Amino acid sequence: MSTTETTASGVGPVEGAPVYTVDNPAPLIEAPRKRTKKSPKSTRGNFELAAWLFMRLSGIVLVVLVLGHLLIQLVLDGGVSKIGFAFVAGRWASPFWQVWDLLMLWLAMLHGANGLRTIINDYAERPNSRLWLKGLLYTATVFTILLGTLVIFTFDPNIR
Amino acid sequence: MATPVLDKADAAGQPEPGFADSPYITVTFRVRRFNPEVAAEATWEDFQLEIDPKERVLDGLHKIKWDVDGTLTFRRSCAHGICGSDAMRINGKNRLACKTLIKDINPEKPITIEPIKGLTVLKDLVVDMEPFFQAYRDVMPFLVVKETNEPTRERYQSPEDRERFDDTTKCILCAACTSSCPVFWNDGQYFGPAAIVNAHRFIFDSRDEAGEQRLEILNDRDGVWRCRTTFNCTDACPRGIEVTKAIQEVKRALITRRY
C-alpha cells in the first residue's frame, strides 16, 4: 500500500498508485456525442416521413405482389419445372404482367434500398464509412432498377 | 387487555417462523469501475456484501461507498425513485438503483452494475448527461402561448384533455430509456425516447400552442423516424411510461398533419 501523499490527484490508496499528477494531468475526455459544428445539421423537410410511410405502404403492396409472383412461378400449373424462356416470353406478352413485374421491381428495390440505408445510418458510425456504403448502395439500386426496367420494356421474344 | 401496539411489540422480539436468525445474505456486487486518472480502461471490481435481500441496490452501493471503498462514484439524490439521478445498468437492464430490490434480481449470482450506455463515462457510474439534456432542451419542454398579455385567469383544461398526455407527465428524466435505445447508442444524434416523451407531453396539451413547432423539430432526420420500435425504452422506464406508444403517437400526428 502506498503511503506517499496522493491526495493531490484525488486518488486514494484503494485504487493504487496514481498514473497522473498535477504536473502530468490525465488527458481530457472529449465527449464524443457533443453537438459541435461537425455534428449533422438539422433538416427541415419531409423526406424521412415520406420514407417511413413508403416502407409501410410498399410493404403491404409487396406482400400481394411477391406472394402472387411466387405462387405463379413456383406452385401453380406444374410448379418450377415449367419456367423457361417461353413461359417468360408468354407472360410478358401481356401488359398486365409487365406492369406487375415492373411494380414489383421498383417497389422491392426501393423498399430494400431504403431499409439498407436505415441500417447503414444505424450501424455505420464514421461519416466516411456511411458515405461509401450508401454510395455503393445507391449505385447498385439505380443500376438494378434501370437494367430491369430496360429488360421489361425492350424484351424481344424472337431473340436468337 | 393488551393494546394492539403492545401485541406487535411482543411479536417483534421473536424471529418469524421460516426465517433464519439473520436476514442477511452474502451478495456479490460486480461494479464497472472507471477512473481516467488511474487507467484508460474500465474494469470490473467485485465487492462482497452482507445485506438484507429486501434492501435495494442503492443501499448496497451506499454500503460499499461508506464502509468499503469511498472512491466509488455514483449519482443519487432523493433515493426514492423521483429525482432520476441513479439510473444504471443493473444485470444488463437499465433500472433505478433506488427502486430495485436485491431479492428481485437473483442475488445468488453476482449483480453487475454498469453506467448507462451511450453517454460518456466520467467516473465509475457517473456519465456525462449533457447530450441527453441537449436533446431535451431542443424540443422546448415548456408551455408556449401566443398571447402577449399577462393571463388574468387560469388556463382551464378539461379532465379529458388532461388525460390525453397524462402518461408522459410522469417522466423524471433519468435517461434509462434513452440510454437503452440502440439507435441512440450509435451516434447519439437521435433525439431519444425521453426527449420525444417530453415533447409529447406538450404537443398533446390543449393549452399549448407550439405543438406544430415541436412536430417540425421531431420531423427531423434524427427525430421520431429513427425509432425502430424495439420497445427497449418502454421496458426500461422505471415510471412505467408507455414510451414507444408516445413515440408512435407523435409519428401519427406528423402523418395526419401532412396527409
Identity of the residue in segment B:173-222, in a loop (DSSP other than H, G, I, E, B) and at pLDDT below 90, that ends up nearest to residue B:155 (Cα to Cα): B:220
Boolean, residue B:94 is without any contact (Cβ under 8 Å) to a residue 60 or more places away in the chain and of a type in the set (S, T, N, Q): no
Filter result for residue B:112 (part of a loop (DSSP other than H, G, I, E, B) and more than 20 Å from residue B:171 (Cα to Cα)): no
Sole exception among (1) surrounded by fewer than 17 Cβ atoms within 10 Å (Cβ to Cβ); (2) touching a helix residue (DSSP H, G or I) at 6+ places or on another chain (Cβ under 7 Å); (3) hydrophobic (A, V, I, L, M, F, W, C); (4) not in a loop (DSSP other than H, G, I, E, B) for residue B:133, by number: (2)
In segment B:207-224, the residues that are out of contact with any Asp or Glu (no Cβ under 8 Å at 6 or more places or on another chain), in contact (Cβ under 8 Å) with a residue 40 or more places away in the chain and under 17 Å from residue B:188 (Cα atoms): B:218
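Hey, among A:108, A:89, A:113, which residue is surrounded by 12 or more Cβ atoms within 10 Å (Cβ to Cβ), touching a residue at least 60 places away in the same chain (Cβ under 8 Å) and more than 14 Å from every other protein chain (Cβ to nearest Cβ)?
One residue alone meets the criteria, A:89.
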Residue ranges of helices (runs of 4 or more DSSP H) in segment A:73-160 with at least 3 members within 18 Å of residue A:54 (Cα to Cα): A:95-123, A:127-154
Segment B:110-158, residues that are away from chain A (no Cβ under 14 Å) and within 27 Å of the chain's Cα centre (by Cα): B:110, B:111, B:112, B:113, B:114, B:125, B:141, B:142, B:143, B:144
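The values are calculated or read from the model by the stated rules, or taken from the named source; none is laboratory data. Everything numeric here is computed off the predicted structure, so don't read it as measured data. Every residue, glycine as well, gets a Cβ built from its backbone with ideal geometry; the counts of neighbours run over all protein chains shown.
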